[in-house]
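The values are calculated or read from the model by the stated rules, or taken from the named source; none is laboratory data. Just so you know, these numbers come straight off a predicted model, no measurement behind them. Cβ placement follows ideal geometry from the backbone for every residue including glycine, while neighbour counts extend to all protein chains displayed.
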Amino acid sequence: MRNYFPLVSIIMPFYNADKTLRKSIMSIVSQSYNELEIILVDDSSTDSSLLIAQEFCNIDKRIKLIKNNKNIGLAASLNSAIKVSKGRYIARMDSDDYSHPSRIEKQVAFLQKNKKISVLGTAARYIVNNNSKRSFINTMPLSHEECIEKIAKTTPFIHPSVMFHREFFSEVGYYNPTLRKAQDYELWVRAKNKVQFANLSDVLIDYNFAPNKSFLLFANEIKVKMMCSIKYGFFIRAFFYSFVAFSKFLINKIFF
């Protein structure tokens, strides 16, 4: 019987990424797994990023290009790519990261064998501020139970490493376009009781890591809003909002 190789849609929004975009796209078109469509979304760049993307479209028919008329942000750009995608699986990619050659092949193989998993991430090599001499390996929790345990503190995935089952978005919904930061964290929190998570221990992407001063703040605010939307009283709400305010104070003191 002939092996079945499902189509994978790789979605990559970009904005003013001309210094890194070419390498990122090359890492996708050079994957060992070939059943791909690559959807690039130009979020109204003002540098030469669009020209680079158009070059690749001209030489690789698997690449599709969406051009936003105005800057709408990452979440909305991801949603537009997901809605036009056709793949059985949908994989994330960022315009300043690098996917190792076997990344897609290994993720597809795992998902084909583990049908209950809806979101699959990987470990990554973190490159600090684009300096390859400053790097470290970052691993994520492997099982669903470990992911759920971690989500109470922070994200259980390295966002550009994830691959989704297509059905995930009909079960959970899309990214929240009103959020400019931590859109992925909000999505995982929303999905945690509806689908199964997992990560591979393999290091399958190089992740350009700039210590994010705002992620913790936004993640805390999302957690606060969710907790306060249930049925907490005035004093509990006051405590959590005070905690967010104190977090802002500490972040400003440390980083600014």
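For the stretch 188-202, a tally of residues being touching a Ser or Thr at 6+ places or on another chain (Cβ under 8 Å) and either at pLDDT below 95 or crowded, with 18+ Cβ neighbours inside 10 Å (or both) returns 8. Do you know which residues across the stretch 32-60 are touching a Pro at 6+ places or on another chain (Cβ under 6 Å) and polar (S, T, N, Q)? Ser32 - this is the single residue of the stretch 32-60 that is touching a Pro at 6+ places or on another chain (Cβ under 6 Å) and polar (S, T, N, Q).
Every condition in (1) in contact (Cβ under 8 Å) with a residue 40 or more places away in the chain; (2) on the phi < 0 side of the Ramachandran plot holds for Gly73 except the one numbered (2).
Can you pull out every residue in the stretch 113-131 that is within 23 Å of Lys194 (Cα to Cα) and without any contact (Cβ under 8 Å) to a residue 12 or more places away in the chain? Lys113, Lys115, listed by residue number.
Does the stretch 161-173 contain any residue that is within 20 Å of Ala17 (Cβ to Cβ) and within 15 Å of the chain's Cα centre (by Cα)? Yes, the stretch 161-173 has at least one match. I'm checking my understanding of the structure. Among residues of the stretch 84-95 that are over 10 Å from Ile39 (Cβ atoms) and among the charged types (D, E, K, R), which one is surrounded by the fewest Cβ atoms within 10 Å (Cβ to Cβ)? Out of the qualifying residues, it is Arg88.
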